[in-house]
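**Q** Quick one: the structure is below, and I'll ask about it shortly.
What follows draws every value from the coordinates through simple rules; no lab data is involved. These numbers come from a predicted model, not from an experiment. Because the Cβ atoms are built from the backbone with ideal geometry, glycine has one as well, and the counts that use them run over all protein chains shown.
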Amino acid sequence: MIANKARFRAARRLERAAGFRLPDHAFSGAFLESVERAINFEGLDRRTREQLLAFFRDFMDCRCRDAPFCGCPERKFVLTIIEFREMGLDHRQISGHLLDEYGIDLYPADILSFLEDSVHMLEAIRDVAELQGREELAENAIEHIKKIEH
Ligand SMILES: [Zn+2]
C-alpha cells in the first residue's frame with residue numbers, strides 16, 4: 001500500500017526535539033499517535049511545525065473512536081494523491097507537493113505505479129459494473145480513468 005511508503009523527512013529532527021525514538025513511516029500507528037503531541041514540542045522549527053499541522057488537519061481529522069488506528073489517515077492520503085493527479089499534477093509534481101506541504105517523502109516512481117494500479121482497479125470496477133448493468137458506477141469509473149490517464 002502506497003501509504004506505507006510515505007516517510008516523514010524531519011523524523012530525526014523531531015526525535016531530537018521530542019527526546020524519544022519515532023518511526024519515520026508517516027502512517028505507522030506510533031507516528032500518528034505522536035503527531036498531535038509533536039506539534040507542541042519546544043524547539044521544533046516553524047516549517048516542521050506547519051507541516052505537522054497540515055498533516056494533522058488533512059489526514060487525521062476524523063472522529064472514529066479508534067483513531068488514528070481506524071484506517072482513515074491512510075485512506076485520506078490515498079485520495080489526496082488521486083485528487084492531485086486529477087487536478088493535473090504528474091507523479092513528480094505530486095512528490096514535490098507532498099514534501100512541501102507535509103514534509104512527506106514519497107518517490108515519484110512509487111506514485112506512478114500506484115496511479116497505474118489505481119487505473120487497473122478502476123478498469124476492473126468498470127468491467128464488473130458494465131456486466132451488472134450498473135451504468136452510473138461504470139461511467140463514474142470511466143470518468144476517473146480519463147482524469148488519471150490524461
Ligand atoms: Zn477514522
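**Q** Which residue pairs have Cβ atoms closer than 9 Å, lie 6 or more positions apart in sequence or on different chains, and pair a first residue in segment 49-65 that is of a type in the set (Lys, Arg) with a second residue that is in a helix (DSSP H, G or I)?
**A** Sorted first by the residue in segment 49-65, then by its partner, the pairs are ARG49/ALA38.
**Q** For LEU14, which of the numbered conditions (1) surrounded by 15 or more Cβ atoms within 10 Å (Cβ to Cβ); (2) within 16 Å of the ligand (Cβ to nearest atom) fails to hold?
**A** Of the numbered conditions (1) surrounded by 15 or more Cβ atoms within 10 Å (Cβ to Cβ); (2) within 16 Å of the ligand (Cβ to nearest atom), the odd one out for LEU14 is (2).
**Q** Scan segment 1-28 and report the pairs whose first residue is within 16 Å of ARG46 (Cα to Cα) and whose second residue is surrounded by fewer than 16 Cβ atoms within 10 Å (Cβ to Cβ), with Cβ atoms within less than 7 Å and a gap of 6+ or a chain change.
**A** From residues that are within 16 Å of ARG46 (Cα to Cα), the pairs are ARG9/LEU99; GLU15/ARG21; ALA17/GLY43.
**Q** Of all the residues that make up segment 1-41, how many are farther than 25 Å from ARG75 by Cα and part of a helix (DSSP H, G or I)?
**A** 6
**Q** Oh, and also: In segment 60-112, how many are within 16 Å of the ligand (Cβ to nearest atom) and farther than 20 Å from GLU149 by Cα?
**A** Selection size over segment 60-112: 17.
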